[in-house]
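Everything below concerns the one structure shown next.
The values are calculated or read from the model by the stated rules, or taken from the named source; none is laboratory data. Worth saying up front: this structure is predicted, and the values here are computed from it rather than measured. Every residue, glycine among them, receives a Cβ derived from its backbone with ideal geometry; neighbour counts consider all protein chains shown. Note: accessible area is taken over every heavy atom of the protein model, side chains too, but ligands, DNA and RNA are not part of it. Shrake-Rupley method; radii C 1.70, N 1.55, O 1.52, S 1.80 Å.
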Amino acid sequence: MKKLFKHILILALPCIFLNQFTVMSQNIQESVQKCAMNAGPDATYLKDFVVKLDGIRPDERPPVFRATLVLRKNVSYRFSICNLDTSEGEAIIRLYDEANMLASTYYPETGKEYKSINFSCQKSGVYTIMISFKDGKAGEAIGIMSYVSR
């Protein structure tokens, strides 16, 4: 009887964990689709960035998600950001070429905040996208990169 119980347990546990992973994956995919739809009717989905960052710790810099992208000249892109319901902080998305910030969804100098930013690429090359949370708070967000038809 003990052997039978062990075998059932060994077979059942992976199924339970896989089922939970599938449910979480479906929730993320639904959130990605919802966020992509918020980019607008003139935007065509290209890529998503699912981000989960811990909050700031004493004497440390705030955590930042970084991704490198290759963008093409004469193409307009839209970068959108959506906070997940479980997020404590407000997500910020920034676009850089080398060391220069080209666009951001949040400008602390003015206090202006945007859900998306458009970028008309003037030079083909490597760009960096950074996603962080205001005031170094913990958070979960989805960034969407879209092509914008002119």
Leaving out ligands and nucleic acids, and using a 1.4 Å probe, what accessible area per residue does the range 46-149 come to in Å²?
57
Place +1 on the Cβ of every Lys and Arg and -1 on the Cβ of every Asp and Glu in the range 44-93, take the dipole about the Cα centre, and give the residue among Ile56, Asn74, Ile92 whose Cα lies farthest towards its positive end.
Asn74
Ranked packing of 123-130, 32-39, most packed first, by mean Cβ within 10 Å
32-39, 123-130
For a label point 7 Å along the Cα-to-beta-carbon line of Asp42, residues of the range 65-102 with backbone N under 17 Å
74-80
Sort 96-106, 76-86 for me by packing, meaning the mean count of neighbouring Cβ atoms within 10 Å per residue, highest on top.
76-86, 96-106
Fully extended, how many nm does the chain gain between Thr86 and Glu30 (0.36 nm per residue separation, minus their Cα-Cα distance)?
18.7 nm
Computed over the range 27-150, Kirkwood Rh from alpha-carbon pairs, angstrom
14.8
